Structures are given as C-alpha cells and as structure tokens.
Amino acid sequence: MTSFTAINNVRERSSPATSRTELEQWFDRLLQENKFAIARLAGSYTDSVNDREDLTQDIAMAIWQALPGVRSECSERTFIFRIA
C-alpha cells in the first residue's frame, strides 16, 4: 500500500486518535527519509548554520500542517519540495 493510499484510509476512519497517530508516523517517516534533501534545500538559501536550522524547522512545521490536506497527485518527495 502506498503512503497516499494509507493516508486516504486514515481519512475514511472515524477515530481521530488513530488518524493523528498515523499522521504522526507518516510525518516522522517523511522527515527521516528526506532529512538530507531538506537540509540541502535549507542550505541553498543561507550559509548561516543557525538560519539553516531555523529554516529546516520551518519546513518541518509546514509539512506537518499540510499533511491533512495532501492529495495523492504527486510523489511524497515532490510534495515535500512543493511545501518547502
């Protein structure tokens, strides 16, 4: 099952607790699998280590906020870079 299919299944369930848990797991996996790409992207905007760390956190927050409304029209990596 693809991740987008999994998240669509989450939306169809009635239990918000399960939905939140599965969203958290998906979010954690997305960040873990793409942490180096996100760091490279943040580094392309600034040379400052502090600014890069702040930007990485801002990107992570934006991804979290966008997860509930994600549509399965693109790959997960494309989704992340569109948000970033």
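Give the residues of the stretch 58-73 that are in contact (Cβ under 8 Å) with a residue 40 or more places away in the chain and within 20 Å of L41 (Cα to Cα), sorted by residue number. Hit for the stretch 58-73 is L67, nothing else.
Entry remark, the stretch 21-32: residues being of a type in the set (D, E) and at pLDDT 95 or above number 1 in total.
The residues of the stretch 35-56 that are among the polar types (S, T, N, Q) and either surrounded by 11 or more Cβ atoms within 10 Å (Cβ to Cβ) or not in a helix (DSSP H, G or I) (or both), listed by number, are T46, S48, T56.
The values are calculated or read from the model by the stated rules, or taken from the named source; none is laboratory data. Quick caveat: nothing in here was measured; it's all calculated off a predicted structure. So basically every Cβ, Gly included, is an ideal-geometry build from the backbone, and we count neighbours across all protein chains shown.
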